[in-house]
Structures are given as structure tokens and as C-alpha cells.
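Undergrad: There's a structure below that I have some questions on.
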Amino acid sequence: MPEHKVIIVGGGVIGACTALALCQRGHAVTLLDKGRFGRGASYGNAGLISPGHAPIPQPGTVTRGLKWMLDPTSPLYIAPRLSPAMLRWMIHFARACKPAAFSRNMRVIASLSQQTALAFQTIADLGIEFDLRTHGYMDVYATEAGLTHAREHAQLVKALGIHDEIIPGTEVHKREPALREGLAGAAWHHDGAFADPFRFTTGVIEYASQHHALDCRPNAPVASIETSDNNCIGVRLESGQVLTADRVVLCAGIHSDPLARTIGIRVPMQAAKGYHVHVAQSSPAMKTAAVLGETYVAVTPLGHEIRVAGTLELSGTNLNIRRKRLDMLTRGASKYIPAITQSTPVTDEWVGMRPCTADGLPVIGWSPTVKHLMIATGHAMMGFWLAPITARLVAQLMHDEQPSIDLTHLAPARF
């Protein structure tokens with residue numbers, strides 16, 4: 001007999017990894033998604049596995065944000081709108097940018113990161129193919145000011161047990177000939193890796209379906225969480241059908257908050273819109289993922305194409321594309337990669353919504369008010385690489401085990 005009958009709401013990377021972890025523990029799991037699995041924010045991210053990545057709120061972000069907020073081509077764009085929820089979020093965001101809060105949050109993220117590389121390798125060892133490359137990646141800088149920032153960050157993460165190597169500009173071109181010569185230098189993230197996030201998400205779901213009889217239900221949008229006597233007992237689909245379960249895990253990205261509010265729970269987040277374009281590989285082919293420091297653009301080789309991804313846009317929950325923001329990706333990449341120009345043909349373009357909490361930390365834990373409801377969302381730009389460890393923590397909590405890290409600052413009760 002299965003341990004529990006569990007419904008997971010959200011078939012992105014967090015839901016996929018959670019489904020696998022719970023299936024491996026003997027639970028009977030049903031995975032629901034409003035559309036196709038892995039087609040939300042999990043589909044189009046840069047695919048970086050990046051221990052030591054700083055949360056979005058950090059010292060200096062507010063000052064930069066005020067400078068950028070009215071420029072639709074800036075790395076961070078905040079669309080002017082009257083929204084009390086947005087105002088409250090920004091107030092809490094500003095508090096999280098203070099040095100003490102940032103230092104605490106970096107320690108939390110580092111603790112989540114400690115087992116990230118091993119967790120991905122464990123999944124790869126199951127035979128799931130997702131083009132995992134574990135030789136690291138780099139943040140590249142065109143200016144000495146950017147490289148100085150990289151040195152400071154390397155010292156910060158070194159104290160957290162994460163290894164970044166600062167390399168000179170001449171070494172950058174040797175390690176990745178697709179990058180132009182004359183760059184100031186780079187930070188090589190030895191603990192980092194990269195992979196194809198969509199292949200990872202769908203591969204995990206397919207494996208769990210084939211080896212553990214995971215019940216997969218795409219195109220099954222959830223209308224509400226169902227409760228009885230303060231216990232979560234399942235979900236109601238938009239079709240009106242009610243699915244019952246012993247436990248429910250809510251990991252529906254930006255859509256988690258409105259679903260939680262159907263039973264009076266708040267998970268306040270803002271949708272941070274990101275974009276990507278694909279361009280064809282050229283000679284020399286790019287082999288290493290890189291974040292192009294001054295432009296905040298990430299480039300990731302995926303087969304015969306390069307994914308150029310980035311931007312942070314707070315403009316509400318929508319998938320409207322701002323053409324100028326798409327165009328800024330290739331424009332930013334062209335400053336570092338000679339083969340990419342403004343006239344380079346784009347073979348794919350995408351927009352998605354990252355679920356961002358104001359303090360920059362994900363939400364992982366039991367609901368504070370309704371029993372048997374687990375929440376795992378709010379990973380912002382860290383969802384891909386924190387998915388396996390998030391799933392492990394959910395499984396530990398589901399079995400009343402002591403979590404492998406302190407979840408105090410990730411608990412849903414903090415809101």
C-alpha cells in the first residue's frame with residue numbers, strides 16, 4: 001500500500017522533482033498542471049546550476065532599480081501601475097536589500113546549494129538525459145569595475161564554502177574561444193554546472209511515470225484547494241471535478257498565491273518576467289555557459305543553438321512580450337560574442353514569469369493554518385537548480401523527518 005495519496009499542483013521543475021522524490025518514497029502521486037508540463041517558467045530559463053547565486057534583493061538594488069525602473073531596455077524594468085500589493089512587496093523588498101538581511105539570505109541559499117550538484121548527478125545516474133555539463137561556467141566582465149565586483153563576490157561565497165576562481169581576460173578567451181578577446185576577466189564557478197531545463201523537467205516526469213506509475217494530468221487547471229475541518233483534502237479543477245488526497249503540495253509558481261488564497265493563505269509574490277531568444281551556433285561553437293556581467297544576460301549552449309536569456313520585468317501577471325526587451329538580449333550578447341549581432345537570425349523567442357518573493361527566498365514548508373498542505377514555490381531565478389533539494393526537503397517534511405537544513409527563513413508562516 002502507498003504511504004499517502006498525494007496531489008501536486010504544478011508541473012514545472014519543482015513539481016517534477018517533488019513528484020519523483022515522493023514516488024521514490026512510496027507515495028501514490030498525481031501531478032497536475034494547467035497546461036503542458038514544463039512549459040511555464042521552467043521551460044525558458046538559462047539552465048544554470050549556480051551555487052552562490054545572490055538573491056535579487058541585495059545592497060544597491062534599490063538605487064539601481066530607481067535609475068532603471070522607467071527605462072524599458074534596462075536589466076530591471078518596473079512598469080508604472082497602481083497596485084497596493086506591488087507597493088507592499090516593494091517595501092519588503094527594500095528591507096531585504098539591507099546588508100544584514102542580504103547576509104542572512106546568502107547563508108540560507110548557500111545551505112540549500114551544498115548538495116545541488118550531487119542531487120543533479122543522482123538524477124542523471126537514473127539514465128535521464130538532460131545534457132548535464134558539470135565543468136562549471138563563468139561570469140564574464142568587460143570592465144575592471146565589473147571584475148572588482150566579481151572579486152568581492154568570490155570572497156563572500158568563499159566564506160560560505162563555494163569556490164569561484166577569478167581569471168584574467170587573456171585566460172577567458174582561451175577557455176571559451178567564442179567570447180571576444182580583450183575582456184577584463186571572469187569569475188569561473190567551479191561548483192556550477194548547466195543543463196537543458198526543459199529536457200530535465202520532462203525527463204524526470206517521464207521517468208517517474210514509467211518507473212513509479214506517476215499519474216500525470218496535464219491541461220487540468222485547478223480552481224481551488226479543498227478543505228474540511230481545517231484539513232486539506234484535495235483540489236477542485238476548473239471543470240468542477242474534485243480530486244481527493246491525503247496531502248497536497250502547491251508548487252504552481254506565480255499561480256500559487258491565488259490558489260492559496262482560496263483557503264485564506266497568503267504567499268505574496270510578484271511575477272518577474274524573463275525572456276529568451278535562440279540563435280544558431282557558429283564557429284567557434286560555444287561550449288561553456290556564461291553570464292555577461294555588465295548586461296545581466298546569460299548565454300547557454302544547448303545543442304546546435306545558444307540560448308540568450310535574461311531581463312527582470314515587473315509588469316504584472318501576464319505573458320505580454322515587450323519587443324525592446326527581447327531585442328536587448330542579442331544586443332547585450334553582441335558586446336561579448338562576435339558571432340552574435342543585431343542581425344543574427346533568431347530561431348526561438350520566449351517569455352515566462354518567475355515567482356518572486358519580496359525577501360528573495362523560496363517558500364518551503366507546511367501551511368501554517370491548514371493541515372496537510374505543503375507549499376513549495378517562490379524560487380524566482382533559482383527554481384531550476386534548487387528543484388532537487390526542494391523536493392528532498394518536501395519529502396523529509398512529508399515523513400516527519402528532521403529537514404537536512406534549517407527551514408526557518410523559508411517557512412510559509414513568515415508572511
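Undergrad: Consider A28 against the criteria (1) surrounded by fewer than 21 Cβ atoms within 10 Å (Cβ to Cβ); (2) hydrophobic (A, V, I, L, M, F, W, C); (3) outside the structural domain of P258 (by TED's automatic domain parsing): it satisfies all of them except one. Which criterion is unmet?
TA: (3)
Undergrad: Filter the range 16-49 down to residues that are part of a helix (DSSP H, G or I) and not aliphatic (A, V, I, L, M) and give me whichever is nearest to the chain's Cα centre (by Cα). Show your work before the answer.
TA: Initially, the range 16-49 is screened for residues part of a helix (DSSP H, G or I), giving 16-24, 41-44.
The next check asks that each one be not aliphatic (A, V, I, L, M); those that pass are 17-18, 23-24, 42-44.
Working: C17: 13, T18: 15, C23: 23, Q24: 23, S42: 7, Y43: 10, G44: 10 Å.
Looking at residues that are part of a helix (DSSP H, G or I) and not aliphatic (A, V, I, L, M), I get S42.
Undergrad: Turning to a different aspect of this structure: When residues of the range 62-93 are filtered for being touching a helix residue (DSSP H, G or I) at 6+ places or on another chain (Cβ under 8 Å) and free of Cβ contacts under 8 Å to residues at least 40 places away in the same chain, how many remain?
TA: 2
Undergrad: Please go through (1) at pLDDT 95 or above; (2) in contact with a Leu (Cβ under 9 Å, 6 or more places away or on another chain); (3) within 20 Å of A193 (Cα to Cα) for G293 and return the number of the only condition it doesn't satisfy.
TA: (1)
Undergrad: Could I ask something else about it? Go through (1) surrounded by 17 or more Cβ atoms within 10 Å (Cβ to Cβ); (2) under 26 Å from V279 (Cβ atoms); (3) not β-branched (V, I, T) for C97 and report which single condition fails.
TA: Unmet for C97, out of (1) surrounded by 17 or more Cβ atoms within 10 Å (Cβ to Cβ); (2) under 26 Å from V279 (Cβ atoms); (3) not β-branched (V, I, T): (2).
Undergrad: When the range 75-120 is examined, which residues are found to be of a type in the set (S, T, N, Q) and within 21 Å of Q270 (Cα to Cα)?
TA: S83, N105
Undergrad: Grab the strands (runs of 3 or more DSSP E) fully contained in the range 195-294, keeping just those with 3 or more residues being out of contact with any Lys or Arg (no Cβ under 6 Å at 6 or more places or on another chain).
TA: 215-217, 222-228, 231-237, 247-250, 270-280, 290-292
Undergrad: L132 passes all but one of (1) surrounded by fewer than 19 Cβ atoms within 10 Å (Cβ to Cβ); (2) out of contact with any Leu (no Cβ under 8 Å at 6 or more places or on another chain); which number fails?
TA: With respect to (1) surrounded by fewer than 19 Cβ atoms within 10 Å (Cβ to Cβ); (2) out of contact with any Leu (no Cβ under 8 Å at 6 or more places or on another chain), L132 is out only on (1).
Undergrad: For the range 335-355, state whether one or more residues are under 22 Å from Q58 (Cβ atoms), at pLDDT 95 or above and part of a loop (DSSP other than H, G, I, E, B).
TA: Within the range 335-355 (the criterion being under 22 Å from Q58 (Cβ atoms), at pLDDT 95 or above and part of a loop (DSSP other than H, G, I, E, B)), the answer is no, since none of the residues qualifies.
Undergrad: Still on this structure: Can you say whether R217 is outside the structural domain of R331 (by TED's automatic domain parsing), basic (K, R) and buried (at least 21 other Cβ atoms within 10 Å of the Cβ), as far as the supplied structure shows?
TA: The answer is no for R217.
Undergrad: Mind checking which residues of the range 361-406 are outside any helix (DSSP H, G or I), in contact with a strand residue (DSSP E or B) (Cβ under 9 Å, 6 or more places away or on another chain) and under 20 Å from L118 (Cα atoms)?
TA: Across the range 361-406, the qualifying residues are H379, P403.
Undergrad: I'd like the residue in the range 392-415 that is among the small types (G, A, S) and modelled with pLDDT of 95 or more and, out of all such residues, is surrounded by the fewest Cβ atoms within 10 Å (Cβ to Cβ).
TA: Result: A413.
Undergrad: Which number in (1) buried (at least 20 other Cβ atoms within 10 Å of the Cβ); (2) within 20 Å of V235 (Cβ to Cβ) marks the one condition that R36 misses?
TA: Tallying (1) buried (at least 20 other Cβ atoms within 10 Å of the Cβ); (2) within 20 Å of V235 (Cβ to Cβ), R36 fails exactly one: (1).
Undergrad: Of all the residues that make up the range 154-191, how many are touching a residue at least 40 places away in the same chain (Cβ under 8 Å) and surrounded by 19 or more Cβ atoms within 10 Å (Cβ to Cβ)?
TA: Counting residues in the range 154-191 that are touching a residue at least 40 places away in the same chain (Cβ under 8 Å) and surrounded by 19 or more Cβ atoms within 10 Å (Cβ to Cβ) gives 14.
The values are calculated or read from the model by the stated rules, or taken from the named source; none is laboratory data. What you see is a predicted model; the values in this text were computed from it and never measured. Quick reminder, even Gly has a Cβ in these numbers, built from the backbone with ideal geometry, and neighbours come from all protein chains shown.
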